[in-house]
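Novice: Just dropping this structure here.
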Amino acid sequence: MHTDTSPTLLITGGAGFIGSHLATELLQHGYHVRILDNLSPQVHGPERHRPGHLDRRAEVFVGDIRDPHSVQETLDGVDAVIHLAAVVGERPSMYRIEKYMSVNTTGTAVLLEALLDHPIERLVVASSSAVYGEGLYCSYNGTTYPKIRRSLHQAVRGDWEPRSPDGEVIYPLPTPETKEVSPLSVYAISKYDQEEMCRMIGEAYGIPTTILRLFNVYGPHQRYANPYSGMLTEYASRLLQDLPVRLFEDGYQQRDFVSVYDVARAFRLALESPGAAGGTFNIGSGRPYTFRTAATLLATITRRQHLAPEVTETGRVGDIRHCIADISRAWEVLGYTPQVPLEAGLLELAAWVETEIARRQPVASPINVPASSRLRV
Ligand SMILES: NC(=O)c1ccc[n+]([C@@H]2O[C@H](COP(=O)([O-])OP(=O)(O)OC[C@H]3O[C@@H](n4cnc5c(N)ncnc54)[C@H](O)[C@@H]3O)[C@@H](O)[C@H]2O)c1
């Protein structure tokens, strides 16, 4: 329920996949929600419509996170900020280097400078499991390996599992926040930059700051190209069009797929938990799933079990093998427990993809984006 005394929260990048679900979660819990988003064409298409599924009660300002005037304007009367605005994806960051560093790193710098003039009660930042590179591994004898990289030679031989420096096969463990970071892309570097800047400025100026390292978030309204779990959307889409799913390597890579509803709840807990200030938390499901398992679940859900996946047995430079979240810190400090099992989440995802395929056109309400890029809609 809204009251005049309800806090006003600003979500940067709030018109995107996670932001739109988060807006609903926060509105349902009585907050006023304001969004700053440039409705980037890569995410929202060339027409840059306000997404039709975005809750009408959310106040949207169209503007760029790198534009100090837009940021200052949207911060007026804001009590807390959730910073999601970013260009997302590891592979394109390796050739669109300036764009990633500009939006993610400089954009965060602009936000932090603006916050010096607008005291807030909490800043929550969306970081990523990408900062870890590979997850944590151990050998049979219990030695742990926090900074593993697969060699190109391994990929050429189709030898997919990571190995210790002695050539021994090693095994994935849940990855805690204490694992050494090891960014493997410009995107991952920019996410770690965001973390470090927000921690430092938060401490220096007394802005209570919380970092959430999100794992592979999936759910309705995730665009196919989203590099984290867009593959689940793509798998469902291919199956529903009677095409087999394509799996890279041997399909036994493990990921931590987490429902966007659990992630939205985690952001709210990070805003509301007194102990969250100054903390960094993994947000995942805590459960390992292989790509093969996810593809099989979707084939069952879509009744396409007869379509065996195409296993390419080819790798892609920069892909990691396994990374699963240790979520015990988020459980202890935030009271976070994932509530959506993968099976239920995929059922809803497949139903949404089916509707999208049938409709072939996104529901959106048109708005005008002026040259000044500072329009409230
Ligand atoms: N989706 C995941 O699985 C995942 C995992 C880890 C971290 N994250 C992080 O979560 C955040 C949200 O990710 P998402 O999946 O919702 O991505 P998304 O691409 O759907 O949303 C990002 C939003 O930011 C906006 N944006 C882009 N550039 C902007 C700019 N210059 N100024 C203002 N707005 C801008 C886009 O228009 C978009 O609405 C990102 O910071 C991302 O790094 C996502």
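The values are calculated or read from the model by the stated rules, or taken from the named source; none is laboratory data. All of these numbers come straight from a predicted model, not from anything done at the bench. Note: ideal-geometry Cβ built from the backbone for every residue, glycine included; neighbour counts use all protein chains shown.
Novice: Filter region 190-225 down to residues that are aliphatic (A, V, I, L, M) and without any contact (Cβ under 8 Å) to a residue 12 or more places away in the chain and give me whichever is farthest from Ser285 (Cα to Cα). Lay out the reasoning, then the answer.
Specialist: The initial filter retains those residues of region 190-225 that are aliphatic (A, V, I, L, M), namely 197, 200-201, 204, 207, 211-212, 214, 217, 225.
This time we only want the ones that are without any contact (Cβ under 8 Å) to a residue 12 or more places away in the chain, so: 200, 204.
On the way: Met200: 29, Ala204: 33 Å.
Step by step, filter region 190-225, then rank; the result is Ala204.
Novice: Of the conditions (1) out of contact with any Pro (no Cβ under 8 Å at 6 or more places or on another chain); (2) modelled with pLDDT of 95 or more; (3) of a type outside the set (Gly, Ala, Ser), Lys147 clears all except one; give me its number.
Specialist: That leaves (2) as the condition not met.
Novice: So for region 228-246 (the condition being surrounded by fewer than 20 Cβ atoms within 10 Å (Cβ to Cβ), more than 16 Å from the ligand (Cβ to nearest atom), of a type in the set (Lys, Arg) and in a strand (DSSP E or B)), does at least one residue qualify?
Specialist: There is at least one residue in region 228-246 that is surrounded by fewer than 20 Cβ atoms within 10 Å (Cβ to Cβ), more than 16 Å from the ligand (Cβ to nearest atom), of a type in the set (Lys, Arg) and in a strand (DSSP E or B).
Novice: Just the residues that are in contact (Cβ under 8 Å) with a residue 24 or more places away in the chain and farther than 18 Å from Val217 by Cβ, please, taken from region 272-289.
Specialist: The first filter runs over region 272-289 and keeps only residues in contact (Cβ under 8 Å) with a residue 24 or more places away in the chain, leaving 273, 275-289.
If the condition is that a residue be in contact (Cβ under 8 Å) with a residue 24 or more places away in the chain and farther than 18 Å from Val217 by Cβ, then Ser273, Gly275, Ala276, Ala277, Gly278, Gly279 are the ones that fit.
Novice: I've got another one for you. Just name the residue that is surrounded by the fewest Cβ atoms within 10 Å (Cβ to Cβ) out of those in region 69-91 that are within 12 Å of the ligand (Cβ to nearest atom) and of a type outside the set (Val, Ile, Thr).
Specialist: Pass one, region 69-91, residues within 12 Å of the ligand (Cβ to nearest atom): 70-71, 74, 82-90.
Pick out the ones that are also of a type outside the set (Val, Ile, Thr) and you get 70, 83-86, 89-90.
Values: Ser70: 22, His83: 25, Leu84: 25, Ala85: 28, Ala86: 25, Gly89: 19, Glu90: 21.
Selected residue: Gly89.
Novice: Collect the residues in region 182-215 that are within 12 Å of the ligand (Cβ to nearest atom), out of contact with any Asp or Glu (no Cβ under 6 Å at 6 or more places or on another chain) and not in a helix (DSSP H, G or I), keeping them in residue-number order.
Specialist: Leu212, Arg213, Leu214
Novice: Continuing with the same structure: Being under 29 Å from Gly278 (Cβ atoms) and either acidic (Asp, Glu) or modelled with pLDDT under 95 (or both) is true for just one of Glu168, Glu196, Glu234, Glu161. Which residue is that? Let's see the steps before the verdict.
Specialist: On the way: Glu168 fails: under 29 Å from Gly278 (Cβ atoms); Glu234 fails: under 29 Å from Gly278 (Cβ atoms); Glu161 fails: under 29 Å from Gly278 (Cβ atoms).
That would be Glu196, the only listed residue that is under 29 Å from Gly278 (Cβ atoms) and either acidic (Asp, Glu) or modelled with pLDDT under 95 (or both).
Novice: So which of Tyr224, Tyr252 ends up being within 16 Å of the ligand (Cβ to nearest atom), within 23 Å of Thr293 (Cβ to Cβ) and either modelled with pLDDT of 95 or more or in a loop (DSSP other than H, G, I, E, B) (or both)?
Specialist: Working: Tyr252 fails: within 16 Å of the ligand (Cβ to nearest atom).
Result of the check over Tyr224, Tyr252: Tyr224.
Conditions (1) surrounded by fewer than 21 Cβ atoms within 10 Å (Cβ to Cβ); (2) within 21 Å of the chain's Cα centre (by Cα); (3) without any contact (Cβ under 8 Å) to a residue 12 or more places away in the chain, marked per residue:
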{"site": "Arg292", "(1), (2), (3)": "yes, no, no"}
{"site": "Thr300", "(1), (2), (3)": "yes, no, yes"}
{"site": "Val311", "(1), (2), (3)": "yes, no, no"}
{"site": "Asp319", "(1), (2), (3)": "yes, yes, no"}
{"site": "Cys323", "(1), (2), (3)": "no, yes, no"}
{"site": "Ile327", "(1), (2), (3)": "no, yes, no"}
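For (1) over 18 Å from the mean Cα position of the chain (by Cα); (2) more than 17 Å from Ala86 (Cα to Cα), each residue gets a yes or a no:
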residue	(1), (2)
Leu9	yes, yes
Asp37	no, no
Gly52	yes, yes
Pro68	yes, no
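Novice: What number of residues in region 135-154 are surrounded by 14 or more Cβ atoms within 10 Å (Cβ to Cβ) and either among the basic types (Lys, Arg) or within 16 Å of the ligand (Cβ to nearest atom) (or both)?
Specialist: So in region 135-154, the residues surrounded by 14 or more Cβ atoms within 10 Å (Cβ to Cβ) come out as 135-139, 145-146, 148, 150, 154.
If we keep only those that are either among the basic types (Lys, Arg) or within 16 Å of the ligand (Cβ to nearest atom) (or both) too, we end up with 135, 150.
Of the residues in that region, 2 qualify.
Novice: Can you tell me which of Met231, Met197 is within 22 Å of Tyr100 (Cα to Cα) and touching a Leu at 6+ places or on another chain (Cβ under 8 Å)?
Specialist: After ruling out the rest, the residue left standing is Met197.
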